[in-house]
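In what follows, a structure is listed as structure tokens, so that the remarks can point back to it.
Coordinate-derived values only; no laboratory data. These numbers come from a predicted model, not from an experiment. Cβ placement follows ideal geometry from the backbone for every residue including glycine, while neighbour counts extend to all protein chains displayed.
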Amino acid sequence: MFNLGETSGMMFDCDGTLLDTLGAWDEAERDLFAQAGQLSREQEDEIHSAPIEQACVILHERYGVGESANAVLAHLDGFLLPYYRDKAQALPGAVSFVRRVHEAGIPCVIVSSSPRRYLQAGLAHVGLLDCFAELVTTDEAGCSKREFAIYEHALQLLGSPLERTWVVDDAPYAIAVTREFGLNTIAVGNGSAPDRVALLQERAHVFASTLESLL
């Protein structure tokens, strides 16, 4: 069970965990995914877990989306960056929970597939940017959230022992990977579909319908 007093470091996903931005991603990707044709959940997870530039390459080269990978990236940036900067909202309990952890003196980092420019804009907009010692992004780390390497890097930044470090995420694949790596895992539902909630409950040490329920 999660115990703040026994925790020495925390990693947080951002989209769908702290920020209510998944709908914006769905809207930005709708035309792109329509061009790609019917994708399986595993194919979508591969795209979403990859660094954004790599995801754009996959969409263009493997599925024929857009005139070029750079054109796909420009499409995403043109829609998403203003959204993060001006419209992104925190999910229920996210601000209170993160601030509680921060005020307890526990170092926190973001581990995300979104680029730094999106994260900085969105977290600043909701007043949480100052709570994070670092933003670890897949594009800068050069690996996806399916790989242990990005969590090893985040752990080193935290200076926290593995057994006293928790990760908070809303994606079943990320919960599975981080638990296998050895981190303590909190899965957040935030209104997910029942089949996704079932996967999160099955894979995580702790399941929370929202971060508000952990306060």
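Summing Cβ point charges (Lys, Arg +1; Asp, Glu -1) relative to the Cα centre of the range 144-190 gives a dipole of roughly 20 debye. Between Gly16 and Thr21, Leu22, the built amide H atoms are under 5 Å apart, and every one of these is 5 or more places off in sequence or on another chain. Of the residues Pro82, Ser49, Thr7, the one whose Cα sits farthest toward the positive end of the charge dipole of the chain, with +1 on the Cβ of Lys and Arg and -1 on the Cβ of Asp and Glu, is Thr7. Alpha carbon centre of the range 96-142 versus the range 144-205: separation in Å? Taking the Cα centre of the range 144-205 as reference, the centre of the range 96-142 is 16 Å away. Under a 5 Å amide H cut-off, with hydrogens placed 1.01 Å from N, Leu183 pairs with nothing among residues at least 5 apart or on other chains. When both bridge partners sit in the chain, DSSP labels roughly 5% of those beta bridges antiparallel. For the range 8-90, GluC sites (Glu not before Pro) meeting the loop criterion (DSSP other than H, G, I, E, B) and having at most 15 other Cβ atoms within 10 Å: Glu67.
For the chain, the relative contact order comes to 26 percent (Cα pairs under 8 Å, sequence separation of at least 6). In loop segments of the range 141-199 as defined by DSSP, there are no chymotrypsin sites (Phe, Trp or Tyr not before Pro) with at most 12 further C-beta atoms inside 10 Å of their C-beta.
Using just the helices of the chain, give the 222 nm mean residue ellipticity in deg cm²/dmol: DSSP H runs with n ≥ 4 each add -39,500 (n - 2.57), and the total is spread over all residues, rounded to 500.
On the way: 10 runs with 104 residues, N = 215.
Taking each H run of at least 4 residues, the total per residue is -14500 deg cm²/dmol.
The 3J(HN,Hα) values that the Karplus relation (6.51, -1.76, 1.60; θ = phi - 60°) gives for the range 3-11 are, in residue order, 9, 4, x, 9, 9, 10, x, 9, 10 Hz. Gly and Pro appear as x. Under a model in which nothing but the beta-carbon of Lys, Arg (+1) and Asp, Glu (-1) is charged, the chain shows a dipole of about 400 debye around its Cα centre. Look at the dipole of the range 135-215 built from charges on Cβ: of Ala154, Gly142, Ala171, the Cα furthest out on the positive end belongs to Ala171. Amide H to amide H, with H built 1.01 Å from N, Gly189 comes under 5 Å of Ala208, Ser209, Thr210, counting only residues 5 or more places away or on other chains. Efficiency by 1/(1 + (r/R0)^6): what FRET value for Arg62 and Arg179, r their Cβ-Cβ distance, R0 = 30 Å, to the nearest 0.05? The computed FRET efficiency comes out at 0.55.
In the set (i) 8, 27, 29, 21, 10, 5, 1; (ii) 8, 36, 38, 15, 2, 0; (iii) 7, 27, 20, 11, 14, 14, 6, 1, the label that goes with P(r) over Cα pairs in 10 Å bins from 0, in percent computed for this structure is (ii).
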